[in-house]
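Student: Before I ask anything, here is the structure I am working with.
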Amino acid sequence: MNIDRGFFVLAVLYGLLAGCATSPAPDGIASNQPVTSHPAPSPAPSPAPAPGPVVVLPPAPVDKTVEGIDPTQPRGKTVTLWYGTNRKPTQPFLMSNPFGSERDTKLNYGVAEVFIPKSHESGSLGSYSLLKRKKDEPIRFSFARPLDDASYWSSLKTTLKKINPNHRVVLVFIHGYNNSFIDAARRTAQIWADLNLKGIPAFYSWPSRAKTLAYTADEATVDYSEKYLAEFLQRLRQEVGPSQPIHLIAHSMGNRALLRVAIQLQDQLRFGQIILAAPDVDADFFHDMAKVYAKISERTTLYVSKTDKPVNFSKKVHDRSRVGAPPAFARVDGIDTVEVVTKTGLMEMGHSYFAEHEELLGEIGHLITHNPNSGYTYVGTRLDRRSDCAKEQVGATQESCWRIVVKK
C-alpha cells in the first residue's frame, strides 16, 4: 500500500511512542528466584484416611498498607489481581518477570500483586520524571505467583465469599495491542484502585509482542487467543455462579477477541456491564455483529474518540473505518455509543482515555457498582444529543448520540 509523506511521518512518530502500552514498570520487590507452579501440598502421613488436597490461598484482593519508616504513615497499598493467560511462562519462572510474548497451548492461572503508591493520582500509572515522581510515583508490579487449576478456582471462590454480597464485584480487563503482561497488570490495578471496588479484580492477558512495530503479529495472536479467552470466561462464570455479575472492560485490539467470543458463546454466557473502550475493530463487522452484546449483558457501553491516534493509525493501515475512531458513530440496538471529546497533545496518544479521566472513571464506576440494564437511561455527565443522531434513520450516524467532554 502506498503511504504518503504525512502518514510516513505519523508512523515514525508512533514508532517512537508506545501506542497502547504503558511505560515499562521497574522491577518489583519480589525475588527473582525461579519458582514452579504451586499445587496444593500433600497432607502428612497418617494412619487415618488421607484428607483432600490442601488449597493454597493467596492473599485476598483487598488493599493492604505497606509501612514506611514511620508506621503511622503508610507508603501506599497493594492490590492482588487474579490472572488468566495463554502466554508461555518464563523458564525458569521469575516472579518479577513471569511471562513473555510467546504463545502457550494452555491456560495459565495465578495471582499477581501491584503496588499503588500513596502519591498516586487518579487516572495515572505514575510518572518517571524526576520533577513529578514524588507527586505521582509510578504504579509498580511486584510479583506473580502461579497456581494450579484447583487451587486457583477454590481460593478465588473463598476470597469472593468473604466480601459483602451487596458490594461484591468481579471485573475482568482484556488489554489491547502492544501490552506486556506487566502492563496489563498495572492498568488493571490502577482501574480497580481508582474505582474503589471490592471483590475480584482479574485480567486476561493474551501474548501481545509489546512492541509498537509488531502490530500485524499482535493481530494474528489476538485471533489465536480467542479460544483461551472463551475458556477463561466460561470457567469464571461456572465457578462464581449464575447470580454473580461479571463485568468486562475490553480495550483496543482486545475487543476483537471479545466480540468473536461473544458471538460464539451468546447462548452460554451472561455478563453484567460490558465496556468497549477504543475498539480497534472493523466498523462494518462491528455494525453487523455487535448486536450480540445486548443478548449477553445487562448493558453495553461503547466509548469512541476522534482524537484517538492509534485507532486512526489502524484506519490508515487497513484502509477501512474502525469503530473506535469516528467520523461515523456506530448505532447498534442495546449499545450506548459515547463520544469522548478530549484534547490530545503532540506527544499524547489519546487512546487510554477510558482509564485516565475522572469523567470516564466516574461513569464506569457507577455502571459497575449499580449494574443498570439497557432499559435505564443513564445520563451522568454526558451531553444528551439523541435528537441530533436520530435524524439519520439507519446505520452509523455522523453525530454522536451521547458525548462526554473531558475537562483538563
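The values are calculated or read from the model by the stated rules, or taken from the named source; none is laboratory data. In this text the structure is predicted, and so the values were computed from the model without any measurement. Cβ coordinates were reconstructed from backbone atoms using ideal geometry, including for glycine residues, and neighbour counts include every protein chain displayed. Surface accessibility is based on the protein's heavy atoms, side chains included, excluding ligands, DNA and RNA. Shrake-Rupley method; radii C 1.70, N 1.55, O 1.52, S 1.80 Å.
Student: Which members of the range 329-357 meet the condition of being out of contact with any Lys or Arg (no Cβ under 9 Å at 6 or more places or on another chain), of a type in the set (A, V, I, L, M) and under 18 Å from LEU259 (Cα atoms)? Spell out how you get there, then give the answer.
Tutor: First, pick out the residues of the range 329-357 that are out of contact with any Lys or Arg (no Cβ under 9 Å at 6 or more places or on another chain): 329-331, 345-347, 353-354, 356.
Those still in the list that are of a type in the set (A, V, I, L, M) too: 330, 346-347.
Once the filter is applied, which keeps residues that are out of contact with any Lys or Arg (no Cβ under 9 Å at 6 or more places or on another chain), of a type in the set (A, V, I, L, M) and under 18 Å from LEU259 (Cα atoms), the range 329-357 yields only ALA330.
Student: If you take the residues of the range 220-239 that are over 17 Å from LEU259 (Cβ atoms) and of a type in the set (Lys, Arg), which of them is surrounded by the fewest Cβ atoms within 10 Å (Cβ to Cβ)? First the steps, then the outcome.
Tutor: Step one: of the range 220-239, the residues over 17 Å from LEU259 (Cβ atoms) are 235-239.
Imposing the further condition that a residue be of a type in the set (Lys, Arg) reduces the set to 235, 237.
Working: ARG235: 16, ARG237: 18.
Here the answer is ARG235.
Student: Could you look through the range 316-325, keep only residues that are over 22 Å from the mean Cα position of the chain (by Cα) and not small (Gly, Ala, Ser), and pick out the one that is surrounded by the fewest Cβ atoms within 10 Å (Cβ to Cβ)?
Tutor: ASP319
Student: Go through the range 100-142 and give me each residue that's open to solvent by 40 Å² or more (accessible area, probe 1.4 Å) and under 18 Å from the mean Cα position of the chain (by Cα).
Tutor: Those that are open to solvent by 40 Å² or more (accessible area, probe 1.4 Å) and under 18 Å from the mean Cα position of the chain (by Cα): SER122, ARG140.
Student: So which residues in the range 249-263 are over 15 Å from the mean Cα position of the chain (by Cα) and not hydrophobic (A, V, I, L, M, F, W, C), if there are any at all? Show your work before the answer.
Tutor: Our first condition is that a residue be over 15 Å from the mean Cα position of the chain (by Cα); within the range 249-263, this holds for 260-263.
Hit for the range 249-263 is ARG260, nothing else.
Results for (1) part of a helix (DSSP H, G or I); (2) out of contact with any Gly (no Cβ under 8 Å at 6 or more places or on another chain); (3) modelled with pLDDT under 95; (4) hydroxyl-bearing (Ser, Thr, Tyr), shown as yes or no for each residue.
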residue	(1), (2), (3), (4)
THR212	no, no, yes, yes
ALA220	yes, yes, no, no
GLU239	yes, yes, no, no
ARG256	yes, yes, no, no
GLN268	no, yes, yes, no
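Student: From the list THR158, THR188, exactly one residue is of a type outside the set (Asp, Glu), in contact (Cβ under 8 Å) with a residue 60 or more places away in the chain, surrounded by fewer than 20 Cβ atoms within 10 Å (Cβ to Cβ) and touching a Leu at 6+ places or on another chain (Cβ under 9 Å). Which is it?
Tutor: On the way: THR188 fails: surrounded by fewer than 20 Cβ atoms within 10 Å (Cβ to Cβ).
Checking each option against the conditions leaves just THR158.
Student: Right, another one. Which residue pairs have Cβ atoms under 6 Å apart, sit 6 or more places apart or on different chains, and have a first residue in the range 246-268 that is within 13 Å of MET289 (Cβ to Cβ) and among the aromatic types (Phe, Trp, Tyr) and a second that is assigned to a helix (DSSP H, G or I) and open to solvent by less than 10 Å² (accessible area, probe 1.4 Å)?
Tutor: none
Student: Could you grab the pairs with beta carbons closer than 9 Å, sequence gap of 6+ or different chains, first residue in the range 215-231 and without any contact (Cβ under 8 Å) to a residue 24 or more places away in the chain, second one assigned to a helix (DSSP H, G or I) and surrounded by fewer than 19 Cβ atoms within 10 Å (Cβ to Cβ)?
Tutor: Listed by first residue and then by second, the contacts come to THR216/VAL317; LYS227/GLN264.
Student: Oh, and also: Counting only residues that are closer than 20 Å to PHE285 by Cβ, open to solvent by 10 Å² or more (accessible area, probe 1.4 Å) and in a strand (DSSP E or B), how many does the range 326-355 have?
Tutor: Residues meeting the conditions: 3.
Student: Looking only at the range 294-312, which residues are outside any strand (DSSP E or B), open to solvent by 20 Å² or more (accessible area, probe 1.4 Å) and in contact (Cβ under 8 Å) with a residue 40 or more places away in the chain? Working first, answer last.
Tutor: Quick first cut of the range 294-312, residues outside any strand (DSSP E or B) only: 294-296, 305-312.
Still in the running and open to solvent by 20 Å² or more (accessible area, probe 1.4 Å): 294-295, 306-307, 309, 312.
Answer for the range 294-312, where residues must be outside any strand (DSSP E or B), open to solvent by 20 Å² or more (accessible area, probe 1.4 Å) and in contact (Cβ under 8 Å) with a residue 40 or more places away in the chain: ALA294, THR307, LYS309.
Student: Is there any pair linking a residue in the range 141-155 that is closer than 19 Å to LEU236 by Cα to one that is open to solvent by 10 Å² or more (accessible area, probe 1.4 Å) and part of a helix (DSSP H, G or I), with Cβ under 9 Å and at least six apart or on different chains, and which?
Tutor: Within 9 Å, the pairs are ASP149/ARG235; TRP153/ARG235; TRP153/GLN238; TRP153/GLU239; SER154/GLU239.
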